[in-house]
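Participant: Before anything else, here's the structure in question.
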Amino acid sequence: MELADPRDEIAQFEAELERLAGVAERCRKIGTGAKAAIIAGCFWIGMLFGGAVVADGLKLMIAIILPLGGVVLYGSNDSTAQQTADKIAALERQRAELISAINPRVVADAPPLLN
């Protein structure tokens, strides 16, 4: 079995990290939408029970479905976001190990770039 070049593995890790960063961003947006659904549903329930809006079957169903759906979506999304964060941390740790295995040299006395 041939050993892969550590630089190629690092590049693969970085590509996977970028993909996971997109997943994490999508999770953040879905979480924000879920929170908005919970707030809107609770506000709508308050309006219905406060008498500001005439209650009928459809309005009551929507008022109940919004917060329940928001809670379910937020819970599911939160676990996905946590799993993604764990994968990102593991990949960053592996990438750091590979970088330290390469043993890069530090260029301390490099002349300043003038361009």
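Participant: Quick test for you: out of V71, V53, pick the one residue that is at pLDDT below 95 and surrounded by 13 or more Cβ atoms within 10 Å (Cβ to Cβ).
Facilitator: Being at pLDDT below 95 and surrounded by 13 or more Cβ atoms within 10 Å (Cβ to Cβ) holds for just one of V71, V53, which is V53.
Participant: Further question on the same structure: Is it the case that K35 is more than 31 Å from the chain's Cα centre (by Cα), surrounded by 12 or more Cβ atoms within 10 Å (Cβ to Cβ) and basic (K, R)?
Facilitator: Taking the combined requirement at face value, the residue does not satisfy it.
Participant: Residues in region 75-115 that are farther than 17 Å from G22 by Cα and either in contact (Cβ under 8 Å) with a residue 24 or more places away in the chain or not small (G, A, S) (or both): how many?
Facilitator: So the answer is 19.
Participant: State yes or no: is T80 within 30 Å of A11 (Cβ to Cβ), surrounded by 11 or more Cβ atoms within 10 Å (Cβ to Cβ), modelled with pLDDT of 95 or more and touching a helix residue (DSSP H, G or I) at 6+ places or on another chain (Cβ under 8 Å)?
Facilitator: So T80 does not fit the description; no.
Participant: Test of understanding: among I30, I99, which residue is assigned to a helix (DSSP H, G or I) and over 26 Å from R7 (Cβ atoms)?
Facilitator: I30
Participant: Mind counting the residues in region 38-50 that are closer than 30 Å to I88 by Cα and surrounded by fewer than 17 Cβ atoms within 10 Å (Cβ to Cβ)?
Facilitator: Adding up the residues that qualify gives 0.
So that you can scan it fast, the table gives a plain yes or no per residue for (1) farther than 18 Å from R26 by Cα; (2) hydroxyl-bearing (S, T, Y):
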{"position": "F49", "(1), (2)": "yes, no"}
{"position": "A52", "(1), (2)": "yes, no"}
{"position": "A55", "(1), (2)": "yes, no"}
{"position": "I62", "(1), (2)": "yes, no"}
{"position": "L66", "(1), (2)": "yes, no"}
{"position": "L73", "(1), (2)": "no, no"}
{"position": "A81", "(1), (2)": "no, no"}
{"position": "T84", "(1), (2)": "no, yes"}
{"position": "Q94", "(1), (2)": "yes, no"}
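Participant: Among A4, A85, A52, which is among the small types (G, A, S) and either touching an Asp or Glu at 6+ places or on another chain (Cβ under 8 Å) or part of a helix (DSSP H, G or I) (or both)?
Facilitator: Just one listed residue meets the conditions, A85.
The values are calculated or read from the model by the stated rules, or taken from the named source; none is laboratory data. Predicted model only: the values in this text are computed from it and were never measured. Glycine also receives a Cβ, built like all others from the backbone with ideal geometry; neighbour counts cover every protein chain displayed.
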